[in-house]
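A.B. asks: I have a structure I would like to understand better, so I am pasting it below and will then ask my questions one at a time.
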Amino acid sequence: MFNDIGALELVTLVVLAVLVFGPDKLPKVIQDVTRTIRKIREFSDSAKQDIRQELGPEFKDFEFEDLNPKTFIRKQLDNDELGLKEIRNGFDLKKEMAEVADAVHSRDTEASSSGSSSSGSGSGRIDMSKKPETPAKLDKPAVDDRPPFDADAT
């Protein structure tokens, strides 16, 4: 329950409790707190049992922890009916990034060695280098290919 409390925090809480309640009242306060926690747990367990009984026998293995979205998604992704493990294992991000980096670096070295790269090189690669605009393109106004913004549609 208190997995994230370290030793220093625990000692600080004990010292603070002794200062606030005093050494003579502290055992009574601790008993009251533990009694309250037990009652809350009993109430929670009783409510869970009532819900399980109302749901019927087909939900006897139902766990309330599965209602947590993170747990639900993790459980669904671990389910191998969709073949997600094969997809996850077949995808190597480091390998893909290395291939992209090699392609970019080889493109940079080709462009710097030849001075300018040609787009019709037949290698199937796309020329991503910027080319200077011709004077004919500068004289024409730019045509906006995007549709006009419609505030009512959004």
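A.B. asks: Please find, within the range 36-93, the residue that is modelled with the lowest pLDDT out of those that are surrounded by 11 or more Cβ atoms within 10 Å (Cβ to Cβ) and among the β-branched types (Val, Ile, Thr).
C.D. replies: 71
A.B. asks: Out of the residues in the range 94-116 that are open to solvent by 90 Å² or more (accessible area, probe 1.4 Å) and at pLDDT 80 or above, state the one that is farthest from residue 47 (Cα to Cα).
C.D. replies: The qualifying residue farthest from residue 47 (Cα to Cα) is 105.
The values are calculated or read from the model by the stated rules, or taken from the named source; none is laboratory data. Not measured: the values here are computed from a predicted model. Here the Cβ is made from the backbone with ideal geometry for all residues, glycine too, and neighbour counts use every protein chain on show. For the accessible areas, the whole protein counts, side chains as well, though only heavy atoms, and no ligand, DNA or RNA atoms are used. Shrake-Rupley method; radii C 1.70, N 1.55, O 1.52, S 1.80 Å.
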